[in-house]
Amino acid sequence: MSAGDYYQQTATEMGYAAPSKYAPKDYTVGIICALSKEKAAAECFLDVEHPQTKAQPRGDNNAYTLGAIGPHNVVIASLPEGRYGTTNAAAVARDMIRTFPKIRFGLMVGIGGGAPTAKHDIRLGDIVVAVPDSSRNEVLKYDFGKTVQEKAFQRAESMNNCPPLLKSVVSALKTKYKRKGHPLQEYIENALKTNQRLRNEYQKPDPSTDVLYRPDYVHPEAADVCSQMCASKPEHMMPRPIPFSLEKELLEEMHDPTIHYGPVASGNQLMKDARLRDSLAHERGVLCFEMEASGLMEHFPSLVIRGICDYSDTHKNDHWQGYAAMVKDEKPAQRAITDTVAHWPNSEYYDVRV
C-alpha cells in the first residue's frame, strides 16, 4: 500500500475526506454561528468532517469547520470568543465568502429570545425561521433609526435580503412539515448518542422550567436564579394554553419543538425588556430577538434560523441555551434546503455578494 493510499484509508476510517479532494471552491453552503456552543451543535449534524483548508488567505481571521451534509460541502464559522453583534457577524461573513468564493447561500443559526403572543405560542426550545410576514420583511433592525425631539423613536425600514430561492424552499418545507411533521427530536437524540460529552449541556431541560412571566414583573436582583423566588409565586406567571398542573408526560408531549415563521428583530443590544418585546411583537410582528442577522443581510444574504432559549426579559438565563442551540440545527431542514437548491431547475451558483 502506498503512502497516499494509506493516508486515504486512515482519513476515511476517521471520518475525514482526503485533503486533496476538496478546494475552497468546492464548498457551497456557509453556516455562521454567534457562540461556540452553537457551532458545536452545528458540527454534530455534519455527516462527515473534512480537514482544515491550507488555502486560507492572510487576513481571514475565522476558524472554520469543514464538512458535508449529504452531497453538499459546508463551511461553519463562529464569531470570535467574547465578540457579539452585527459588526462582528459582518466581518466573519466577509472573510468567509472571500476564502470560499463559490458559496451559494448562507444560514445564520443560533439561539435567540422569543416574543410569544396570542397568535404565536412560542415556547423554549421552539424554532423561529425568519421570513416576511404580510407587509413586513424578515429582519428588523430594531435599534437603528432616528430620534426626533418630542416624537417617538423612528425605526429604520426592515431588511429583505434573504435569497428568493431560499424563501421558496422554506415555503415548500413549511407545507411538508404541516402534512407530515418533522423528526427533529429523533435527530437530536441520535446526535447526542454520538456525542455523549454534550448530553448534559444539550439535552432537553425539564419542560416545567419553561415559564413566561408577566411583562411588568422584573426579576429581583437579590435572586440568583428564578427558581429561588420568581417561580414560587404563580401570580407572576403568564397563563399559557397548557396548564402547569398537567401530568409530566402530557406536558412533555405538548412541548415538542414547534417551528414558527415570521420576522426577527436584530440589534447590537441584548434584549431584556418584556414591555419593549411585547410592543415590537404586536406592532411589527416580531417573533424573536437576536444580535447578528442584520449585520449579515447586506453582505451575506442568509436564511436566519433561531432556537428559542429565553423570553427576552429580565428572567433570561442559560438553562435552555444548549438545547436551543441543538434544536435550531435541524438536520432535516438543512438537508432539504441544500438538496432542493442543488436540484432546482436551471440552478447556478448564487453569488451572495450581489
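Based on the Cβ-Cβ distance of S232 and D133, what FRET efficiency does E = 1/(1 + (r/R0)^6) give at R0 = 25 Å, to the nearest 0.05?
Step by step, r from the Cβ atoms, then E = 0.10.
With each label point set 7 Å from Cα along the Cα-Cβ vector, what nm distance links E189 and E49?
That separation, rounded to one decimal, is 2.5 nm.
Hey, which of these cross-link pairs are over 29 Å Cα-Cα: K141/K233; K141/K193; K54/K167; K176/K316; K102/K204; K37/K272?
K141/K233; K141/K193; K54/K167; K176/K316; K102/K204
With a cap of 15 neighbouring Cβ atoms within 10 Å, and only residues DSSP puts in a loop, list the GluC sites (Glu not before Pro) found in the range 264-330.
E298
Would you kindly calculate the translational diffusion coefficient of the range 58-133, applying Stokes-Einstein with the Kirkwood radius from alpha carbon pairs, for 25 °C and a viscosity of 0.890 mPa s, and quote it in µm² s⁻¹ without decimals?
163 µm²/s
So, by mean Cβ neighbours within 10 angstrom, what's the order for 200-213, 29-42, 258-271 with the highest one leading?
Listed from highest to lowest mean packing, they are 29-42, 258-271, 200-213.
Values in this text are rule-based calculations from the coordinates and carry no lab data. Remember, it's a predicted structure, so these values are computed and weren't measured experimentally. Note that each Cβ is placed from the backbone with ideal geometry, even for glycine, and that neighbours are counted across all protein chains shown.
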